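Structure record follows, encoded as structure tokens.
Read-outs throughout are calculated quantities, based only on the coordinates presented, and are distinct from any laboratory measurement. Nothing here was measured: the structure is a model prediction, and the numbers come from that model. FYI the Cβ positions are ideal-geometry reconstructions off the backbone, even for glycines, and counts take in every protein chain you see.
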Amino acid sequence: MSDASEPTGAAGAVGPDAGATGAGAAGAGSAEDPAASAPGRRVRVVLVDDHRMFRTGVQAEIGQTERTGVEVVGEAADVDQAVTVITATRPEVVLLDVHLPGGGGVEVLRRCSPLMADPEQPVRFLALSVSDAAEDVIGVIRGGARGYVTKTITGTDLVDSVFRVQDGDAVFSPRLAGFVLDAFASTDAPPVDEDLDRLTQREREVLRLIARGYAYKEIAKQLFISVKTVESHVSAVLRKLQLSNRHELTRWATARRLV
Amino acid sequence: MPDAAALTIEDPRPPRKLYRSSDGRWLGGVARGLAGHLGLPVIWVRLVFAGLFMADGLGALLYAAFWFFVPLGVGGVDAERPPALATETSPDGRRRLVARKPDKGQIVALLAMVVVALVFVGNVDLSGGAKAYLWPTVLVGAGVALVWRQADNARRARWMEVGRRKRTISLLRSAAGVLLVAAGVSGIFVLQGSAAHLGSVLQAALAVLVGIALLAGPYLVRMTQDLSEERLMRIRAQERAEVAAHVHDSVLHTLTLIQRNAENASEVRRLARAQERDLRNWLYKPEGTGKDEADEPDTLAEAVKRSAAEVEDKHGVPIEVVVVGDCPLDERTAAQMQAAREAMVNAAKYGGDGGAVQVFAEVEGRTVFVSVRDRGPGFDLDSIPADRMGVRESIIGRMERNGGTARLRAVPDGGTEVELEMERAET
């Protein structure tokens, strides 16, 4: 009995991780394959949004596990619920709305920060919002979300983004890329930290192409670099966005309401 | 007949109400207000008041009554001293003028009052006892006048939102008024010969005041809190009514249209996009800019968004716009915007099936870059007959004539991208 249950239990615990890393490597190796189509890949997702109709819609679009590989393991409608559900289910990716009763997505991020930092099985957040206000978007990104996509995104793209976030990669929508370029472009004040407060030429180019609607693959082709390099540039930008301590950024975000 | 015609022109003026004038007044603005109301020169009214003052102080009484009962308004007669008044300037300039002016006028008025009062005292032969009370009475009067004028200013400040800097001055004035009244009252006490009891009287008065403050304080505090809360609620209710009106007018209307057109997918999409844009515009635009729909855009970001919205509405293809930076439109960038619009139309017409059209505009230094990309089948410029001038003329030609460059290229995985680059004109 114990012999029989042991291996399955171990496989259950190890399986997803092994699958994830394997698929990640495969995705990186063959640039042509979108991560979502990697066979056998699974990702456990929690949906946090206060609109039930929207949750149902997303669930219907990405929740057919056999087809998409996405398994929705929990839903939450406000901050408290979200924290409870996320702590209980320990998903790999949380789709997080920016506007939530109880303090908004930023509050969820704040209270889940220990889970995000967990080296064993980090919970990663992808902001999914209808909001276009720069301060909302930049707010959740600075709070630790791995990316931001708008609610107009197609199901396929969303699944793709979820897998990318699961891999620890950053997901920038064209609009977010625009916000970031705008924020880092307005450098009136001298940078506090040269490395963080400035985007390299390459990062800028990558962001620009994202803002123009290019996919990673297309960017890689355009700049004659590998998809992996594109990913690392995007992650670097995300890191700068989250860590850069220039007052500029918050001031910028609150001062403007770009639509 | 001509008289009648003239009358009909004169008549439709709004019925005039009596206000005290806040412009160019010396004391309470009563004389100026009256003069404006009666259509007389101010100086006449002032002289009449001064004359009436001689008649046992009737003028002062009358003036005080007017001051008390007549609300403060803006206007009065247009001054016979135009340079000092200049009332019809910007609110800022006027405020400063008004603030400076009465100071001078006040001194004049005070001097005149002192002279008139001296004449009055000289003329009216008061008995020795009554005469002794004169100075305390004058002090009390001056204090009251000061505080009343202060109240006037406070009311005016509420309309004009005078800056914070004024607060110290107004405090000083109130304090001075209170001090004058106190001095006058204690003077009367002293004269009554009860100076010996002054200490105990003051103590008693103080005790009563403290007692009243202790009793009424909480009620007063609660009342002011309730009042401010009520005001807040009212503002909120107004805001909600405005939101409700907007939602009702546009959103519900659009939803109805969507239900009616449920079979027509492209129409539904078009309606939804237009409504979304409208709602976003309404939600995120800073206040006061909602009404200028018809105005020509004067910055690049606005122009791009406007063009995209129009093309989107017309062709029913979603256009996603990302703008980085902004700058005012000049001749060259305006031409670039026209070219960009043409590119959007092309993308919507021929490349709209592949998904949203992406528009990216960036201002970096002097360079303005716009890219319009679709995910359609793509097209080859060389394969288009030479007589089709659309792309060549309205996009490439237009950009080159204005000193910019346009590039069309096929994106490797399908779709076309138009890149427009232009240097802003020197300003």
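Name the long-range amide H neighbours of residue B:330: under 5 Å, sequence gap of 5 or more, or other chain; modelled H, no Pro or chain starts.
none
Could you work out the Kirkwood radius for the stretch B:239-372, taking every pair of different alpha carbons, averaging 1/r and inverting it, reported in Å?
About 16.1 Å, per the Kirkwood formula over Cα pairs.
Using a simple spin-label model with points 7 Å from Cα along the Cα→Cβ vector, what separation in nm is obtained for residue B:314 and residue A:130?
2.9 nm
In peptide A:170-180, what is the residue-averaged number of other protein chain Cβ atoms found within 10 Å of each Cβ?
For peptide A:170-180, the averaged partner shielding equals 3.
Within a 10 angstrom radius of each residue's Cβ in B:314-320, how many Cβ atoms of other chains show up on average? Whole number is fine.
Details: counts 0, 0, 0, 0, 1, 0, 8.
The per-residue average across the peptide is 1.
Starting at the first residue of the stretch B:326-340, write each ³J(HN,Hα) from the Karplus equation 6.51 cos²θ - 1.76 cosθ + 1.60 with θ = phi - 60°, in whole Hz, x for Gly and Pro.
So the J values, rounded to whole Hz, are 7, 7, x, 6, 10, 4, 5, 5, 5, 4, 4, 5, 5, 4, 5.
Starting from 0 in steps of 10 Å, tell me what percent of the Cα-Cα pairs of the stretch B:189-236 lands in each bin.
23, 25, 20, 17, 11, 4
Could you work out, residue by residue across A:200-208, how many beta carbons of other chains sit within 10 Å of that residue's beta carbon, and then give the average as an integer?
Neighbouring Cβ atoms belonging to other protein chains average 1 per residue here.
Run the simple label-point estimate for residue B:44 and residue B:244 please: 7 Å along Cα→C-beta, distance reported in nm.
That separation, rounded to one decimal, is 5.4 nm.
Roughly how far apart, in whole Å, are the Cα centres of the stretch A:198-238 and the stretch B:184-255?
62 Å
Considering only Cα-Cα distances, which of the following residue pairs are longer than 22 Å: B:314/B:349; A:217/B:305; A:151/A:221?
The answer is A:217/B:305; A:151/A:221.
Give the distance, in whole Å, between the Cα centre of the stretch A:107-159 and the Cα centre of the stretch B:317-339.
If you average the Cα positions of each part, the centres end up 30 Å apart.
Could you order the peptides A:157-166, B:236-245, B:177-186 from most to least packed, using the average number of other C-beta atoms within 10 Å per residue?
Most protected by this proxy first, the peptides run A:157-166, B:177-186, B:236-245.
For the pair residue B:225 and residue B:186, what calculated FRET efficiency results from E = 1/(1 + (r/R0)^6), where r is the Cβ-Cβ distance and R0 = 51 Å, to the nearest 0.05?
In this case the efficiency is close to 0.90.
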